[in-house]
There are 2 protein chains.
Amino acid sequence: MAAGIRSIARHLGVSVSTVSAVINGHSYVSPEMRARVEQYLREVDYQPNYLARSLRRRETRMVGLIVPDLANSFYTALSRGAEDFLLARGYRLIVADSREDWKRQKDYLESFCRMMTDGILLVPSSATKAQIDRIPGLVRGRPLVYVDRSPIKSPVDVVLIDNSAASFAATRHLVERGHRRIGIITEPISLLCAADRLEGYQHALKASGIDVDQDLIYIGNNTKESAHEIGQRMLSQKMPPTAAVVCNNIMTLGFLSALRERKVDVPEDFSVIGFDECDWSEHIHPPLTTIRQPAAEMGATSARVLLERMGDKKETPPSTTVLGFDLKVRSSTAVLANCGSISTA
Amino acid sequence: MAAGIRSIARHLGVSVSTVSAVINGHSYVSPEMRARVEQYLREVDYQPNYLARSLRRRETRMVGLIVPDLANSFYTALSRGAEDFLLARGYRLIVADSREDWKRQKDYLESFCRMMTDGILLVPSSATKAQIDRIPGLVRGRPLVYVDRSPIKSPVDVVLIDNSAASFAATRHLVERGHRRIGIITEPISLLCAADRLEGYQHALKASGIDVDQDLIYIGNNTKESAHEIGQRMLSQKMPPTAAVVCNNIMTLGFLSALRERKVDVPEDFSVIGFDECDWSEHIHPPLTTIRQPAAEMGATSARVLLERMGDKKETPPSTTVLGFDLKVRSSTAVLANCGSISTA
DNA sequence: TTGAAAGCGCTAACAT
DNA sequence: ATGTTAGCGCTTTCAA
């Protein structure tokens with residue numbers, strides 16, 4: 001159907017290599033010849049077949065990105081950051097959504113390899129240690145960089161924020177508001193990101209002379225539902241906390257709805273601080289205090305690191321790039337009104 | 001690097017076609033041979049090169065989807081619906097984000113063609129009529145279906161809801177709450193979707209004996225910012241409306257923030273009804289009354305229509321598939337407290 | 001400056 | 001049941 005280089009050459013009475021040369025802007029083609037070919041190329045609106053080109057060139061100029069939840073606007077922002085950076089350098093970005101599912105992630109990793117993407121950006125989904133260790137093998141030597149989350153001790157490049165410090169800041173913010181019983185709702189701690197956040201939280205408590213209470217540490221799975229369930233459970237405890245740091249913005253929504261159901265007012269009765277800035281962060285009730293991660297920058301930076309790795313012949317050892325974060329204080333965190341006791345059903 | 005079919009054949013002392021036959025599950029290979037080959041395939045963890053396979057087979061089993069705003073969860077839901085449907089049928093989905101930008105959309109359309117996707121799902125970005133008319137040409141005969149939005153009178157398959165009826169229902173809901181001055185914040189009316197919504201709105205007003213006031217029709221560009229600016233302008237009018245239907249969920253957020261700035265309380269002073277259900281719809285203040293579109297179903301249905309079109313040799317005329325919607329009433333729409341006058345700065 | 005020809009890794013006739 | 005071979009559409013030596 002679509003005109004190929006061959007038929008074009010035949011039509012023009014020139015060789016395929018000449019046509020190819022003008023398509024690829026090689027300099028030795030005579031101006032007249034170039035004009036004639038270009039003219040015709042435009043006429044038939046020639047579109048190169050990337051399959052053939054990539055097969056021959058042995059590069060696709062595509063990079064794949066896998067995120068655990070594309071419905072989470074943190075990851076769409078990250079994706080746009082990476083896309084813009086790559087587009088400006090002649091690469092296309094293919095994004096895939098693992099939905100926090102190991103199988104899906106594995107399939108995408110495999111697909112990307114089969115599609116011959118030149119490199120892979122991965123926000124690993126939570127998984128078992130054994131699964132996580134399989135990742136480097138799955139990409140079969142292709143350049144890979146972990147973004148936002150990373151395995152504990154990884155043999156590949158990583159780009160993320162200082163999650164420990166971020167969580168420390170969040171927790172300290174709550175302590176400064178007078179809270180002593182502070183909970184944390186975290187992701188499964190199979191990944192460094194979650195482990196660091198937990199660590200920062202514990203560190204902040206200790207630094208303030210508060211004992212870490214294991215009953216105040218809740219593990220969710222990054223869904224609204226799990227956070228909702230955690231909220232229910234939390235409020236049924238004998239001594240519920242008066243504040244919580246929630247490590248994922250989707251979980252924040254689920255947690256807030258549990259509080260609302262139990263008629264626990266935020267921030268009068270309970271303070272909440274979330275991770276990641278969203279479209280709706282300032283629109284929900286009450287406007288949410290959050291730890292803001294530079295999502296777009298994270299995407300762009302990881303793309304840069306990946307491109308560097310791709311162009312690196314001398315096996316430079318894996319790098320770790322740490323980005324900044326900041327605390328955006330809104331209305332969801334406040335000094336407790338009736339210190340110490342909150343109404344639970 | 002990666003083992004190819006050729007080196008595998010050589011290693012096994014068999015021909016490439018035999019290896020190819022077992023890879024593709026052709027039945028005429030003897031059980032022993034099959035076992036031996038499969039065994040080795042597993043051993044080296046053979047991954048077929050999709051570029052080569054697709055080039056040869058002249059099909060990629062990939063379909064491309066372009067949405068205007070991936071940060072809008074309506075479109076991520078749509079995308080997941082399409083992805084699940086396609087995956088189950090052996091197709092992969094590539095999603096791209098045009099960011100409501102014609103140039104980006106055009107580039108992706110072109111990219112998809114060059115990548116030889118077998119079909120394309122398109123939620124067209126708003127654009128000029130001339131641009132929209134170019135779309136069928138850009139895909140160069142590739143199967144295409146418009147999703148959610150479509151050009152007025154399109155020569156290709158379309159899947160959407162009855163936007164006119166949806167907007168009618170939204171407007172009527174407001175009328176039933178006693179509102180007479182009702183505004184509509186819509187997308188650029190270059191596409192049928194927006195035109196229909198405007199039409200449904202006007203129809204509902206007329207059906208209730210209310211004159212359509214051109215000053216109550218606002219055209220935004222699907223960004224928070226544009227809706228915020230519209231909100232400002234609206235509240236500065238001599239006779240502002242007391243309610244509005246907002247045709248896009250991102251614009252709803254921007255519009256609400258304008259109301260908040262002007263200290264106009266929702267729903268006491270002003271009622272708002274939005275389009276599309278989001279994670280945060282029930283979490284914002286106040287919980288939002290919305291028209292719910294079946295996003296995932298829309299994705300799946302459009303994928304089905306596309307596959308049918310792809311497998312259709314006899315040029316069946318373009319179809320239009322209309323999906324249902326419903327009205328989810330929450331707290332953002334109410335009877336006006338102080339009928340008729342609202343406080344504007 | 002242009003052309004001829006050899007593949008990239010795979011599939012699918014077409015032999016055998 | 002297995003092997004030989006001709007491409008898919010392109011890029012890229014290499015020769016002319």
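The values are calculated or read from the model by the stated rules, or taken from the named source; none is laboratory data. Computed from a predicted structure; not experimentally measured. Cβ sites come from the backbone with ideal geometry, for glycine too, and all protein chains shown count toward neighbours.
Structure data summary
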item	result
Contacts under 7 angstrom Cβ, first residue in the range B:296-309 being modelled with pLDDT of 95 or more, partner assigned to a helix (DSSP H, G or I) and of a type in the set (S, T, N, Q), 6 or more apart	B:Gly299/B:Ser79
Checklist (1) surrounded by 18 or more Cβ atoms within 10 Å (Cβ to Cβ); (2) within 9 Å of chain B (Cβ to nearest Cβ); (3) touching a Lys or Arg at 6+ places or on another chain (Cβ under 8 Å) applied to A:Met115, failing item	(3)
Unique match (being within 14 Å of chain B (Cβ to nearest Cβ) and crowded, with 17+ Cβ neighbours inside 10 Å) among A:Ile94, A:Ile132	A:Ile94
Selection count, the range B:256-271, where residues are without any contact (Cβ under 8 Å) to a residue 24 or more places away in the chain and not in a helix (DSSP H, G or I)	1
Of the criteria (1) at pLDDT below 95; (2) in a strand (DSSP E or B), which one A:Gly274 fails	(1)
Selection count where residues are among the acidic types (Asp, Glu) and over 28 Å from B:Met239 (Cβ atoms), scope the range B:258-287	4
Filter result for A:Gly13 (more than 15 Å from DNA strand D (Cβ to nearest atom) and within 30 Å of A:Glu282 (Cα to Cα))	no
Residue within the range B:196-209 that is over 21 Å from B:Thr320 (Cβ atoms), surrounded by fewer than 15 Cβ atoms within 10 Å (Cβ to Cβ), without any contact (Cβ under 8 Å) to a residue 12 or more places away in the chain and not β-branched (Val, Ile, Thr) present	yes
Unique match (being hydroxyl-bearing (Ser, Thr, Tyr) and within 22 Å of A:Val123 (Cα to Cα)) among A:Ser190, A:Ser208	A:Ser190
Subset tally (residues that are within 13 Å of chain A (Cβ to nearest Cβ) and either on the phi > 0 side of the Ramachandran plot or acidic (Asp, Glu) (or both)) for the range B:245-264	1
Helices (runs of 4 or more DSSP H) contained entirely in the range B:1-109, each with at least 3 residues that are modelled with pLDDT of 95 or more and more than 19 Å from the chain's Cα centre (by Cα)	B:5-12, B:16-23, B:31-43, B:50-57
Flag for A:Ser302 being farther than 26 Å from B:His228 by Cβ and of a type in the set (S, T, N, Q)	yes
Residues of the range A:56-92 that turn out to be free of Cβ contacts under 8 Å to residues at least 60 places away in the same chain and farther than 19 Å from A:Gln293 by Cβ, as a count	12
Qualifying residue in the range B:314-322 (condition: closer than 21 Å to B:Val67 by Cβ and within 14 Å of another protein chain (Cβ to nearest Cβ))	no
Residue under evaluation B:Lys224, criteria (1) farther than 22 Å from B:Thr128 by Cα; (2) within 14 Å of chain A (Cβ to nearest Cβ); (3) charged (D, E, K, R), criterion not met	(1)
Residue ID - surrounded by the most Cβ atoms within 10 Å (Cβ to Cβ), chosen from residues in the range A:1-19 that are within 7 Å of DNA strand C (Cβ to nearest atom) and among the polar types (S, T, N, Q)	A:Thr18
Filter result (of a type in the set (A, V, I, L, M, F, W, C) and within 11 Å of another protein chain (Cβ to nearest Cβ)) within the range B:283-295	B:Ile284, B:Leu288, B:Ala295
One residue from B:Ser7, B:Ser73 being at the interface with another protein chain (Cβ under 9 Å from one of its Cβ atoms) and away from DNA strand D (no atom under 11 Å from the Cβ)	B:Ser73
Pick from the range A:20-42, criterion within 8 Å of DNA strand C (Cβ to nearest atom) and either within 14 Å of chain B (Cβ to nearest Cβ) or under 22 Å from B:Leu55 (Cα atoms) (or both), ranking: surrounded by the fewest Cβ atoms within 10 Å (Cβ to Cβ)	A:Ser20
Any hit, the range B:124-140, residues being touching a helix residue (DSSP H, G or I) at 6+ places or on another chain (Cβ under 8 Å) and closer than 29 Å to A:Leu109 by Cβ	no
Lone unmet requirement of (1) under 20 Å from A:Val139 (Cα atoms); (2) within 16 Å of DNA strand C (Cβ to nearest atom); (3) surrounded by fewer than 20 Cβ atoms within 10 Å (Cβ to Cβ) for A:Arg53	(1)
Hits in the range A:48-60 - residues which are out of contact with any Leu (no Cβ under 9 Å at 6 or more places or on another chain) and either farther than 30 Å from B:Arg53 by Cα or more than 7 Å from DNA strand D (Cβ to nearest atom) (or both)	A:Arg58, A:Glu59
Test: residue in the range B:332-339 that is polar (S, T, N, Q) and over 24 Å from B:Ala165 (Cβ atoms)	yes
Test for B:Asp45: is it out of contact with any strand residue (DSSP E or B) (no Cβ under 8 Å at 6 or more places or on another chain), within 11 Å of another protein chain (Cβ to nearest Cβ), farther than 30 Å from B:Ser150 by Cα and of a type in the set (Asp, Glu)	yes
Subset of the range B:266-282 [within 14 Å of another protein chain (Cβ to nearest Cβ) and over 23 Å from the mean Cα position of the chain (by Cα)]	B:Val266, B:Pro267
A:Val37 without any contact (Cβ under 8 Å) to a residue 24 or more places away in the chain, within 13 Å of DNA strand D (Cβ to nearest atom) and either closer than 30 Å to B:Phe74 by Cα or not acidic (Asp, Glu) (or both)	no
